[in-house]
Amino acid sequence: MAISSLPCVQPVRVPFKACSFFPAGVCGGFNNKKRINAVVFSSLRKISNDVNIESKVDTLLDSIKWDDKGLAVAIAQNVDTGAILMQGFVNRDALATTITSRKATFFSRSGATLWTKGETSNNFINIYDIFVDILLIIIYLGKPDVPTCHTGLETCYFTSIGDLVKEQEVEETNLALTTLYSLESTISKRELELAGKHGKPSWTKRLLLDENLLCAKIRAEADELCRPLEEKEDSSCTASEMADVIYHAMVLLRHKDVKIENVLEVLRRRFSQSGIEEKQSRASTKS
């Protein structure tokens, strides 16, 4: 999964139905260079009938520094994986449409018209948050219904500059991957291998072929992660032990044909739930 290298922005969670886009005094904050990143709005929910919403959206749009053509760059990013899905341009109307429809909408410079991603295919990018910085760049943080790129790939970014410099053949499947998704991709490749470099199956392949071995390793690695805490040891090995747990757990996910993105989506949905509510939800699903 292609992952963003953009600055990490921590959103202030403000209910959209309350039409309160900014804390007091922040509305003009986009002109303050100390605010490198500012939240445009957070936690999009069903739009209320608040009579002030139109004026508040207008105030929000007025605070953005559009270029001399009235445009800004908009980047669509997967809310769960951080993948940069695509990039386009937006004007005032496109951003306003995205806010009200919760569907990623852009402005076509060639056609001089608005277009919503998925308007012909019904495969939308569903927006959860929007961010803006002082560099005329807007982030649409959302969830695509299907792979975003017209090639069928998950993102529009699959050409490695490193491969081009090395004059290697560019593969369309060479998506930009950060550590977690690179690990997931490697595990999937190991599953398809008949044997390793020395004629024997790789460790990952052995785990995938032996459920008992895999489960035993996950239990053992989890125990090793907890042991320093229980025995009041220093935390120098904690990261290494956690890495072992993550790796073996991701092998299990591959064995069960579950993507790490699915796990992250579950975590996101739990953000607004208490532990008690989450357990009750799981219990009702099983019953």
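The values are calculated or read from the model by the stated rules, or taken from the named source; none is laboratory data. The structure displayed is predicted, hence computed values, not measured ones. Every residue, glycine among them, receives a Cβ derived from its backbone with ideal geometry; neighbour counts consider all protein chains shown. Note: accessible area is taken over every heavy atom of the protein model, side chains too, but ligands, DNA and RNA are not part of it. Shrake-Rupley method; radii C 1.70, N 1.55, O 1.52, S 1.80 Å.
Yes/no matrix, rows are residues, columns are (1) assigned to a loop (DSSP other than H, G, I, E, B); (2) modelled with pLDDT of 75 or more; (3) surrounded by fewer than 17 Cβ atoms within 10 Å (Cβ to Cβ); (4) within 14 Å of the chain's Cα centre (by Cα):
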position	(1), (2), (3), (4)
Leu141	no, yes, no, yes
Tyr157	yes, no, no, no
Glu167	yes, no, yes, no
Glu171	yes, no, yes, no
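Scan segment 61-120 for residues that are at negative phi, surrounded by fewer than 14 Cβ atoms within 10 Å (Cβ to Cβ) and in a loop (DSSP other than H, G, I, E, B) and the total you get is 9. Remark: pairs (first residue in segment 130-148, of a type in the set (S, T, N, Q); second residue modelled with pLDDT under 80 and open to solvent by less than 30 Å² (accessible area, probe 1.4 Å); Cβ separation under 7 Å; 6+ apart in sequence or on different chains) = Thr148/Thr155. Restricting the search to segment 229-247, which residues are more than 27 Å from Leu207 (Cα to Cα) and outside any helix (DSSP H, G or I)? Matches in segment 229-247: Glu231, Lys232, Glu233, Asp234, Ser235, Ser236.
Here segment 173-204 is the region considered, the condition is being more than 19 Å from His255 (Cα to Cα) and surrounded by 12 or more Cβ atoms within 10 Å (Cβ to Cβ), and the residue that is modelled with the highest pLDDT is Thr178. Annotation note: of Ser240, Ser281, Ser274, the sole residue that is among the polar types (S, T, N, Q) and at pLDDT 90 or above is Ser240.
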